[in-house]
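Here is the structure we will look at.
The values are calculated or read from the model by the stated rules, or taken from the named source; none is laboratory data. Every value quoted in this text rests on a predicted model; they were computed, and no experiment measured them. In this analysis, Cβ positions are derived from the backbone assuming ideal geometry, glycine residues included, and neighbour counts consider all displayed protein chains. We work out accessible area using only protein heavy atoms, side chains counted, and drop any ligands, DNA or RNA first. Shrake-Rupley method; radii C 1.70, N 1.55, O 1.52, S 1.80 Å.
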Amino acid sequence: MTIKLKKQVIDILKVLKKKSSDVTATDLAKQMKVDYIVLMSAVNDLIDHNLGGFKEEEVFKVSLNEEGEIYLKNGLPERQLINLLLKKGIREIDLEVLLKHSNFDKNLFYIGIANLRRNGWIAQSKASGESKIFLIEEEFPQTNLEKFLIKFGENEEIIYIELSKDEKILLDVLNKRKLIDKKRKTKRVIYLTDEGKNIAISEIKELKLVSKITSEMLISEDWENFELKPFDVSKSGPRLKAGKIHPIINLINEIREIFLSMGFTEIRGPIIESAFYNFDALFQPQDHPAREMQDTFYLKNPNIAHLPERDRVLAVKETHESGGESGSIGWAYEWDEKIAKKTVLRTHTTATTMRRLAQFYRDNEKVPVKVFCVDRVFRNEKVDKSHLAEFTQVEGIVIDDNVNLCDLIGLLSEFYRKMGFKKIFTRPGFFPYTEPSMEVSVYYDKLGEWLEMGGSGIFRPEVTYPWGIKEPTRVLAWGQGLERIAMLYYNRTDIRDFYINPLKWLRQQSYFK
Ligand code: PHE
């Protein structure tokens, strides 16, 4: 029976027949300029016809690590030191002085000195109390270690077993000096069977494979000369490393969808905010500790913010000083407009919520109004595993008549249920702008723990009255950090991962949500 093979397989067979020894798959793919996967599939065809095969061998490859690369470029520390001495014409020097001149860190410096001694280039003496070194040679030729190091300049990766015995010893020296990265790889070696070696190419017929039969083939009756390519639908395709949407953006979009499905509209506001909207409109007294420098980034430029309509500014002033129309007695101090005009990087999206209340007043809007905001906020925090100085808040409000705490708990339960948390738990909390205030925790199945998510409450009359929002109209409000949810969602234990972008993890993320 004549053997039928694809053209590409015949080409590969021809090349293999000319080789006197086995060849690695990567080398052959490079030489023939074919894709590795294509080559291996051709080898599989050879295996099917008992013409060839491949075996797998483990190879150790070594390369320079980052520090090693630097020495390849600039010379080993001992070479840098000797060059420095030669350049200055110094043959004798105090160790401390040389350390200062060398600009090396102490560790590196002493490694250099130890190797100079090992090379037999210097002697050291402590005779006069200070440690001194002397050059005891005239010439400082390239050492074997240096010659070996250069090999890495020609070949980024070196295969361990291809090294001579002496080279292996030198590699060991570099390895002990922690300049080497080691990698274990499997290499595939392709060979021909005796049959493969003996078969004449002329005995082989070219197999024409097609993935479908066209109408032209049927009309011309040419279809008989083709064979249909079988598909293996169980094989996974090559892995794509294409761009994709960042997990944080995916999560934000999911949150958006949840709010939209609950009848909310999205709002956005400025990142550079006035202290007025960030604090004063929220009835936070001007000497409130949260305004202090350790929490808030105040800005030099621009350093004065525009305030809204004069009468609203005065309404806020009056509320702070004496309660205004709200029925409160206020904070009983003199409100300073200059402080309200300071510019800050918004510390919470509640500033944007306040801008929405101002718009509600200005446009004389009707209830209900349901809006949410997912946006960036800034706090002067020390960054660690669970804190960021720049993060994202998820915030929502409902302005409606006669809404109460039960409605708020219901909304939050519904939101978190849609996020995948089945149980929520609320307890009293404190915010200067809500009364009552609640802390919200959710039950996290995977850990079997309650986790605190954020704050919520009903805006105090001192916050809503200046914007004409009066009983029985109330504002339910809540807010929380997005990255905390993201940690649960994506199973990350370090919050910084979302912004330092560990590539391995990002590559594992799906392309579509
Ligand atoms: N602004 C609060 C925070 O940054 C959250 C909050 C929003 C609390 C609305 C109550 C009402 O933590």
The condition from (1) touching a residue at least 24 places away in the same chain (Cβ under 8 Å); (2) open to solvent by less than 60 Å² (accessible area, probe 1.4 Å); (3) within 29 Å of the chain's Cα centre (by Cα) that Tyr443 misses is numbered (1)
For the range 445-459, give me the residue count where each residue is within 10 Å of the ligand (Cβ to nearest atom) and of a type in the set (Phe, Trp, Tyr). 1
First in the range 200-211 and more than 15 Å from Leu46 (Cα to Cα), second anywhere and open to solvent by 90 Å² or more (accessible area, probe 1.4 Å), Cβ under 7 Å, 6 or more apart: Lys208/Asn225; Leu209/Lys229; Val210/Leu228; Val210/Lys229; Ser211/Lys229
What helices (runs of 4 or more DSSP H), lying completely within the range 128-224, carry at least 1 residues that are under 48 Å from the mean Cα position of the chain (by Cα)? 144-154, 165-176
So, in the range 124-153, exactly how many residues are of a type in the set (Gly, Ala, Ser) and surrounded by 13 or more Cβ atoms within 10 Å (Cβ to Cβ)? 1
When the residues of the range 1-49 are narrowed to those that are surrounded by fewer than 14 Cβ atoms within 10 Å (Cβ to Cβ) and of a type in the set (Lys, Arg), which ends up farthest from Ile201 (Cα to Cα)? Lys30
For the range 387-403, which positions are open to solvent by 60 Å² or more (accessible area, probe 1.4 Å) and assigned to a loop (DSSP other than H, G, I, E, B)? Asn402
Can you find, within the range 266-291, the residue that is farthest from Tyr333 (Cα to Cα) among those that are open to solvent by 30 Å² or more (accessible area, probe 1.4 Å) and within 32 Å of the chain's Cα centre (by Cα)? Glu266
Tally of residues being surrounded by fewer than 17 Cβ atoms within 10 Å (Cβ to Cβ), farther than 24 Å from Arg379 by Cβ and either at pLDDT below 90 or within 15 Å of the ligand (Cβ to nearest atom) (or both) across the range 460-501: 1
Hey, any hits in the range 329-345 for a residue that's closer than 15 Å to Gly468 by Cβ and in contact (Cβ under 8 Å) with a residue 40 or more places away in the chain? no
Just give me the residues in the range 415-440 being farther than 18 Å from Leu488 by Cβ, open to solvent by less than 60 Å² (accessible area, probe 1.4 Å) and out of contact with any Pro (no Cβ under 9 Å at 6 or more places or on another chain), in sequence order. Thr426, Phe431, Tyr433, Thr434
If you check Glu216 against the conditions, is it modelled with pLDDT of 90 or more and open to solvent by 70 Å² or more (accessible area, probe 1.4 Å)? yes
Subset of the range 1-57, residues within 21 Å of Lys208 (Cβ to Cβ), part of a loop (DSSP other than H, G, I, E, B) and over 45 Å from the mean Cα position of the chain (by Cα), comes to Met1, Thr2, Ile3, His49, Leu51
Any hit, the range 336-351, residues being open to solvent by 20 Å² or more (accessible area, probe 1.4 Å) and either closer than 30 Å to Gly263 by Cβ or of a type in the set (Phe, Trp, Tyr) (or both): no
Those residues of the range 391-444 which are within 14 Å of the ligand (Cβ to nearest atom) and of a type in the set (Asp, Glu), in sequence order: Glu395, Glu435, Glu439
Count of the range 225-264 residues which are in a loop (DSSP other than H, G, I, E, B), modelled with pLDDT of 95 or more and touching a Leu at 6+ places or on another chain (Cβ under 8 Å): 1
Exception for Ile111 within (1) surrounded by 13 or more Cβ atoms within 10 Å (Cβ to Cβ); (2) touching a Leu at 6+ places or on another chain (Cβ under 8 Å) falls at (2)
Are any residues in the range 316-330 crowded, with 20+ Cβ neighbours inside 10 Å and modelled with pLDDT of 95 or more, and if so, which ones? Val316, Thr319, His320
With the requirement that a residue be over 20 Å from Cys373 (Cα atoms) and in contact with a helix residue (DSSP H, G or I) (Cβ under 6 Å, 6 or more places away or on another chain), what does the range 465-497 give you? Tyr465, Pro466, Gly468, Tyr490, Ile495
For Arg356, only one of the following conditions fails: (1) under 21 Å from Ile267 (Cα atoms); (2) of a type in the set (D, E, K, R); (3) away from the ligand (no atom under 13 Å from the Cβ). What is its number? (3)
